[in-house]
1. Report whether or not T10 is hydroxyl-bearing (S, T, Y), loosely packed, with under 14 Cβ neighbours inside 10 Å and either in contact with a Phe, Trp or Tyr (Cβ under 9 Å, 6 or more places away or on another chain) or at pLDDT below 90 (or both).
2. Determine whether P168 is under 19 Å from the mean Cα position of the chain (by Cα), surrounded by fewer than 13 Cβ atoms within 10 Å (Cβ to Cβ), at pLDDT below 90 and outside any helix (DSSP H, G or I).
3. What is the number of the single condition among (1) among the hydrophobic types (A, V, I, L, M, F, W, C); (2) touching a His at 6+ places or on another chain (Cβ under 9 Å); (3) more than 19 Å from I149 (Cβ to Cβ); (4) buried (at least 22 other Cβ atoms within 10 Å of the Cβ) that A67 does not meet?
4. Whether any residue in the stretch 114-125 is of a type outside the set (S, T, N, Q), part of a helix (DSSP H, G or I) and under 13 Å from the mean Cα position of the chain (by Cα) is what I want to check.
5. Could you give every pair whose Cβ atoms fall below 8 Å, whose first residue belongs to the stretch 91-104 and is among the polar types (S, T, N, Q), and whose second residue is buried (at least 22 other Cβ atoms within 10 Å of the Cβ), counting only separations of at least 6 or pairs across chains?
6. If we scan the stretch 123-131, do we find a residue that is at pLDDT below 95, closer than 26 Å to K29 by Cβ and basic (K, R)?
7. For the stretch 49-82: of the residues being modelled with pLDDT of 95 or more and among the aliphatic types (A, V, I, L, M), which is nearest to Y107 (Cα to Cα)?
8. Every residue in the stretch 85-104 that is in a helix (DSSP H, G or I) and either at positive phi or buried (at least 22 other Cβ atoms within 10 Å of the Cβ) (or both), please.
Amino acid sequence: MTLLSETTLTQDSETFSANELKEGNEHAKKRVSFHTLGCRLNQSETDVLARSFEKQGYRVVPETESADVCVINTCTVTEHSDAKNRQAIRTLHRLNPKALIAVVGCYAQINPEAIADIEGVRLVVGSEEKMRITNYLEQAHSASVPLIIRPKITKKTFTAPVVPHSRPVFLAMHVCFVGALS
């Protein structure tokens with residue numbers, strides 16, 4: 001009978017028991033960060049996306065921390081906002097060069113090819129499909145070129161339920177919708 005030699009861990013090594021991994025140890029989870037541009041609707045949708053990623057086992061981290069996936073929820077009301085979108089994408093790629101950069105939202109719907117040409121972008125998801133982004137991550141990781149998901153949009157894409165006694169964001173939605181169809 002031979003004894004196995006003892007394995008030495010380096011100081012920066014971490015070990016996790018099977019239970020810790022099963023229970024979702026925070027350090028063992030993949031990390032995702034979010035950057036949101038535009039209206040309150042985008043802010044609200046980003047919150048929903050974050051919860052969706054958490055349900056898939058991701059740990060949501062601030063933009064300032066390294067992440068495995070960086071999601072940018074974009075707006076395209078003006079030419080200036082398009083430039084801000086591109087700048088945000090490049091900045092996140094520079095801060096997280098190994099991360100999968102996923103661009104979602106109005107700008108991704110209107111100009112997906114231009115976004116896909118930006119270094120670091122691996123996934124471009126238009127307005128209609130952005131809430132299903134987690135369904136496309138594996139495919140985007142293995143694709144040799146950026147994956148573009150952009151179904152044709154309709155008025156239903158920009159329809160949101162109205163809550164009584166709340167301040168609606170219809171003006172921004174109208175501007176996005178009109179711009180998306182032109």
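The values are calculated or read from the model by the stated rules, or taken from the named source; none is laboratory data. Please read all numbers here as calculations on a predicted model, not as lab measurements. Cβ sites come from the backbone with ideal geometry, for glycine too, and all protein chains shown count toward neighbours.
1. Details: hydroxyl-bearing (S, T, Y): yes; loosely packed, with under 14 Cβ neighbours inside 10 Å: yes; either in contact with a Phe, Trp or Tyr (Cβ under 9 Å, 6 or more places away or on another chain) or at pLDDT below 90 (or both): yes.
So T10 fits the description; yes.
2. no
3. Here A67 clears every test but (2).
4. No, that holds for no residue.
5. Taking only residues 6 or more apart or on different chains, the pairs are N96/S33; N96/A67; N96/C70.
6. Yes, because at least one residue in the stretch 123-131 is at pLDDT below 95, closer than 26 Å to K29 by Cβ and basic (K, R).
7. I72
8. If the condition is that a residue be in a helix (DSSP H, G or I) and either at positive phi or buried (at least 22 other Cβ atoms within 10 Å of the Cβ) (or both), then N85, I89, L92 are the ones that fit.
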